[in-house]
Each structure stands twice: as structure tokens, then as C-alpha cells.
Amino acid sequence: MINEIWPRVGVVAAVLVGVLLAGCENSNESASVIVPESELEFVPVRTAAPALETMDTSFWAVKGQERELEIRFQGQGGPGTGSRFLEFKVNEQTLHQRPDGTMFQQGDSIEIHVSIGQGLYLVDLEPSGLRFNPSEPAVLEIEYGEADEDFIGREGEFDAWRQETASGPWELIGSVQMEELDEIEVSILGFTRYALAIGR
């Protein structure tokens, strides 16, 4: 009986070792993907799309309050009726640390500046150095329904990327894509440049 059990124990042990080794191999997949700008195809807005209502705007975020900013394409019914380009959301406890390192207290506020890259799904967020709460990050939603038709056909390849400095490389960041809504959602912990692009 004992002789029958030991071979089975050996098989189980081998399986467990295989699982552990596989886990170690998969851990490399979580490494950062950083590429030069030349390795990316940035998703363009279609040339016939309406103009954006604004390319450059700002709003005040307040700790203890929910605030959001929308940027839309111009609509025939006037302001606010066109399709959405982006929405940026700051929740009650999102504000964490100022660019100078001081912590936000309840009721403290800061002006957030948003600018859009010409003809691209590219967003600059300022002030640089502003940090958000990892437990309640800011959320950036980009809707690409007005993207170039050739790129819409490749939407499964879209990713969100960020660039720390204007001349620096781009880093792939985690995002949630909802193809049925033509939307990508990104959790934001700090300010920099963000774009939708396809890695080559």
C-alpha cells in the first residue's frame, strides 16, 4: 500500500514544482514596457471630425469633493451636445500630495490644467508633480469614436501610454478598454502626458 502511495506523491510534487516554475516565468510579463516615440503609432482623430470645444482648459479640484471635467467635440445643438473626447474625474479623497511635497487636507484645492495634442488622442495634465491617492486615483476616460477609420478597425491594438518628459520615451500603462463604447479608461496616480497609441 505504501509503495502505491509514494509514486502518487512524486507526481503531485512534480506538478506543484511545474506550477511554481510557470509562475516565476509569468512574473516577467509584468515588467514595464518602455519604448522610444518612433516605436508607436499614435491614434489620430479623423480629419472630418468636428473641432473640439476647447483644446486647453482647467478646473479646480477640492479634497473632500467629487469634481470632473469633460471635453467634447462641437455639436450642432450647441455646447455640450457633441460626442465626448475625454472625461477626467477626481473623487473625494483623490488629492494626496502637492508638487512641493505637502499633503492635502480636507477642503484644500488645486487648479488642474488639461491640454490636447493637435489631431491626436493625446492629453497633457498639469501641474507636474501632483500626486494622487493610490487607493482612490483620478480616472481618465478617453473616447475614440471620432478616430481615423483605418485605426478604428484596429481598436483591439489600442493601448494607453504615458511620457514623463517631452523628449523622453513612452511607457505602456494599465488600462481598461470597452470596445462597445469606443472608450479606454486609465487610473491616474500623477500628472504627465498620456496618449492612445499602437506599439509597432
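Quick check on T81: is it without any contact (Cβ under 8 Å) to a residue 24 or more places away in the chain, surrounded by fewer than 13 Cβ atoms within 10 Å (Cβ to Cβ) and among the polar types (S, T, N, Q)? Answer is yes for this residue.
Taking G64 as the residue in question, decide whether it is open to solvent by less than 40 Å² (accessible area, probe 1.4 Å), outside any strand (DSSP E or B) and modelled with pLDDT under 90. Full working, then the answer.
On the way: open to solvent by less than 40 Å² (accessible area, probe 1.4 Å): yes; outside any strand (DSSP E or B): yes; modelled with pLDDT under 90: no.
No; evaluated as a whole, the condition is false for this residue.
Within the stretch 48-61, how many residues are under 21 Å from E111 (Cα atoms), out of contact with any Pro (no Cβ under 8 Å at 6 or more places or on another chain) and assigned to a loop (DSSP other than H, G, I, E, B)? Residues flagged as under 21 Å from E111 (Cα atoms), out of contact with any Pro (no Cβ under 8 Å at 6 or more places or on another chain) and assigned to a loop (DSSP other than H, G, I, E, B) within the stretch 48-61 amount to 2.
Has the stretch 91-109 got at least one residue that is hydroxyl-bearing (S, T, Y), touching a Leu at 6+ places or on another chain (Cβ under 7 Å) and at pLDDT 95 or above? No, because not a single residue in the stretch 91-109 is hydroxyl-bearing (S, T, Y), touching a Leu at 6+ places or on another chain (Cβ under 7 Å) and at pLDDT 95 or above. L69 falls short on exactly one of the conditions (1) in contact (Cβ under 8 Å) with a residue 40 or more places away in the chain; (2) not in a strand (DSSP E or B), and that condition is (2).
Filtered by the rule that a residue be closer than 27 Å to I184 by Cα and either open to solvent by less than 40 Å² (accessible area, probe 1.4 Å) or part of a strand (DSSP E or B) (or both), the stretch 103-120 gives I110, E111, I112, H113, V114, S115, I116, G117, G119, L120.
Residue pairs whose Cβ atoms lie under 8 Å apart, separated by 6 or more positions or on different chains, with the first residue in the stretch 167-178 and under 12 Å from L196 (Cα atoms) and the second assigned to a loop (DSSP other than H, G, I, E, B), are W170/P36; E171/S32; E171/V33; E171/E164; L172/S32; L172/V33; Q177/F158.
Assigned to a strand (DSSP E or B) and either open to solvent by less than 20 Å² (accessible area, probe 1.4 Å) or at positive phi (or both), is that true of E87? For E87, the condition - assigned to a strand (DSSP E or B) and either open to solvent by less than 20 Å² (accessible area, probe 1.4 Å) or at positive phi (or both) - is met. Close Cβ contacts (under 9 Å, 6 or more residues apart or on different chains) running from residues in the stretch 27-41 that are open to solvent by less than 70 Å² (accessible area, probe 1.4 Å) to residues that are in a helix (DSSP H, G or I) and modelled with pLDDT of 95 or more comprise E41/F151; E41/E157. Within the stretch 114-128, residues that are in contact (Cβ under 8 Å) with a residue 60 or more places away in the chain and farther than 19 Å from A147 by Cβ sit with their Cβ atoms under 6 Å from residues that are of a type outside the set (F, W, Y) and in a loop (DSSP other than H, G, I, E, B), at 6+ positions apart or across chains, in these pairs: P127/P99.
The values are calculated or read from the model by the stated rules, or taken from the named source; none is laboratory data. A quick note: this is a predicted structure, and the numbers were derived from the prediction, not measured. Neighbour counts run over all protein chains shown; Cβ positions are idealised from the backbone, glycine included. To get the accessible areas, we keep the full protein, side chains included, count just its heavy atoms, and leave off ligands, DNA and RNA. Shrake-Rupley method; radii C 1.70, N 1.55, O 1.52, S 1.80 Å.
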